[in-house]
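*Asks:* Here it is: the structure, laid out below.
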Amino acid sequence: MLDKTCLIRCEYSEKIGFGHLMRCLTLAGELKKYGLAVWVLSSNGRPDMHGRHADSIDRWHVTTTKAGSMEDAAFLAGLAEEVGAELLVLDFYNISESYQLALRHAGRRWLQFDGFADRPLWADWVLSMSPAAEMESYVLRRQNPATHFLLGPKYAILRPDFMAHRGATRSHGDVRRVLLSFGGGDDQGMTLFCLNAIRESGWTGAITAVVGRANPSADRISSWADCYGDGRVHVSVDEPDMAGAMSECDMAVISGGMTTFEAAFMGLPALMVCLADNQRANIKAWRSLGVSVDLGDSSQLTKEDFIYHFLALVRDKNRRAELSRHGMEIVDGQGVERVAEQMLGKMAVANA
């Protein structure tokens, strides 16, 4: 067991969603198993997690510095020195080379989430869970000869509640319940779009619509279900058991963020719609791997196209079984264990 401290710098909001936060908290829980104390530094306070991850974080520190600024880099390096943090984890957008060099000059060692390979990289570990991540692209950006790349869905960090379903099989008979989930923040109207389209399609199964409390449309979605759901639509706000919700569904319509890895692990065949530019490559890669159906960008998706692809997948149990099998083969649920082992193994060597 190690007697060390890890300091996580991450951001979450209605706009960028909560995926960054959730994977950091899951990683924190894994590091705790090795005896590390874990601190979080964020511009937002500790959210209400309904008891989840309650024991993962030893201290939550709120900062007024802007993530990615040089002031923020200096504050992070200073706090790491003050609390004796041997490790840092960075999970936010716009981590510039200057920011990284400030940490390196301060003698910090860190893991950096990076989904783009579009800037110089100085981190000790660079993690991209994306199925679109290519080693060649990342090697071209490496500035630190010691950087180790952790790339692809084998490093997907899933919440602990999914592990109870590891190895579970899924039947592929009739589609009785469909999941709608577009992240914890603003769904850009996709939940209501899908509810209306499915109602118009004539399909009469049940629907679980998972929305975040931060979604500005949350009340409208609940009102829609009351008025038009015919008792078939269940709206879950801040769903506490996403794995359980997925296990009860036969098919899903989701966006291109963290939920894609969860659905793949659960063998849940999915239609994926792109809500942001940074999701586009991921969704195309999932399609190429035979894990999902790509609906394209939400801004260009018509109700007619949605209904066509939705009903086609509902009616094709063989296709659903194939998507399910590929997903479970690609995401095995051991990603967070692999990440922690890589970090702590290298740290132990460096400190020997």
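The values are calculated or read from the model by the stated rules, or taken from the named source; none is laboratory data. Worth saying up front: this structure is predicted, and the values here are computed from it rather than measured. Heads up, the Cβs are rebuilt from the backbone with ideal geometry, glycines too, and the neighbour counts pull from every protein chain shown. For the accessible areas, the whole protein counts, side chains as well, though only heavy atoms, and no ligand, DNA or RNA atoms are used. Shrake-Rupley method; radii C 1.70, N 1.55, O 1.52, S 1.80 Å.
*Asks:* If you take the C-alpha gyration tensor of the range 247-352, multiply each eigenvalue by 5 and take the square root, what semi-axes do you get, largest first, in whole Å? Don't skip to the end; give the middle numbers.
*Replies:* On the way: eigenvalues 209, 55, 17 Å².
The answer is 32, 17, 9 Å, longest axis first.
*Asks:* Moving on. Compute the FRET efficiency between A276 and K303 as 1/(1 + (r/R0)^6), taking r as their Cβ-Cβ distance and R0 = 22 Å, and round to the nearest 0.05.
*Replies:* Numbers: r = 21 Å, r/R0 = 0.96.
Using R0 = 22 Å, I get an efficiency of 0.55.
*Asks:* Short version: ³J(HN,Hα) in whole Hz for each residue of the range 55-63, in order, from phi by Karplus 6.51 cos²θ - 1.76 cosθ + 1.60 (θ = phi - 60°), x for Gly and Pro, what are they?
*Replies:* For the range 55-63, the Karplus-derived couplings read 9, 7, 10, 7, 7, 10, 10, 9, 10 Hz, x marking Gly and Pro.
*Asks:* (i) 63, 37, 37; (ii) 65, 49, 43; (iii) 72, 41, 35: which one is Cα extents along the principal axes in Å as calculated from this entry?
*Replies:* Working out Cα extents along the principal axes in Å from the coordinates points to (i).
*Asks:* While we're on this one: Rounded to the nearest Å, what's the spacing between the alpha carbon centres of the range 5-47 and the range 279-344? Just the number, please.
*Replies:* Centre-to-centre distance over Cα atoms comes out at 26 Å.
*Asks:* Something else: Pull out the extension gain between S288 and S69, defined as 0.36 nm times the separation in residues minus the alpha carbon to alpha carbon distance; nm, one decimal. Please report the intermediate quantities before stating the final value.
*Replies:* On the way: separation 219, 0.36 × 219 = 78.84 nm, distance 3.70 nm.
Full-extension gain reported as 75.1 nm.
*Asks:* Among 288-294, 255-261, 121-127, 215-221, what's the highest-first ranking by average C-beta atoms within 10 angstrom per residue?
*Replies:* Details: 288-294: 19.4, 255-261: 25.4, 121-127: 23.3, 215-221: 16.9.
Averaged packing, sorted descending, gives the order 255-261, 121-127, 288-294, 215-221.
*Asks:* Here's another thing I want to ask about it. At 1.4 Å probe size, put K303, K154 in order of accessible surface, largest to smallest.
*Replies:* The ranking, largest first, comes out as K154, K303.
*Asks:* Follow-up. Could you provide, to the nearest whole Å², the per residue accessible area of the chain with probe 1.4 Å? Present the calculation step by step, with values, prior to reporting the outcome.
*Replies:* Numbers: 15140 Å² over 352 residues.
Accessible area per residue: 43 Å².
*Asks:* Percent of accessible area on the chain owned by carbon and sulfur, 1.4 Å probe? Display every interim value, and only then the final one.
*Replies:* Numbers: 7080 of 15140 Å².
The computed percentage sits at 47.
*Asks:* Is it possible to state the helix-based mean residue ellipticity at 222 nm for the chain, with each DSSP H run of 4+ residues giving -39500 (n - 2.57), the sum divided by total residues, to the nearest 500 deg cm²/dmol? What is it? List each step's numbers first, then the result.
*Replies:* On the way: 12 runs with 138 residues, N = 352.
Helix contribution divided over all residues of the chain: -12000 deg cm²/dmol.
*Asks:* At 0.36 nm per residue, and after removing the present C-alpha to C-alpha distance, how many nm does the segment from S236 to N318 gain when stretched out fully? Working shown, then result.
*Replies:* On the way: separation 82, 0.36 × 82 = 29.52 nm, distance 2.95 nm.
So the extension gain works out to 26.6 nm.
*Asks:* Got a sec? What order do S42, S247 fall in by accessible area at 1.4 Å, biggest, i.e. largest, first?
*Replies:* On the way: S42 0, S247 55 Å².
Heavy-atom accessible area, descending, gives S247, S42.
*Asks:* Can you tell me the 0 to 90 degree angle between the C-alpha axis of helix 19-33 and the longest principal axis of the chain, rounded to 10?
*Replies:* 60
*Asks:* At R0 = 30 Å, how high is the FRET efficiency between A164 and N44 if r is their beta carbon distance? Nearest 0.05 is fine.
*Replies:* Details: r = 29 Å, r/R0 = 0.97.
In this case the efficiency is close to 0.55.
*Asks:* Could you give each residue of the range 68-84 its phi-based ³J(HN,Hα) in whole Hz, using Karplus coefficients 6.51, -1.76, 1.60 with θ = phi - 60°, and x for Gly or Pro?
*Replies:* Per residue, the Karplus-derived 3J(HN,Hα) values read x, 7, 5, 4, 5, 4, 5, 5, 4, 5, x, 5, 4, 5, 5, 9, x Hz.
*Asks:* Next question. Considering Cα pairs under 8 angstrom that are at least six residues apart, work out the relative contact order of the chain and quote it in whole percent.
*Replies:* Details: 660 pairs, mean separation 54.5, N = 352.
It rounds to 15 percent for the chain.
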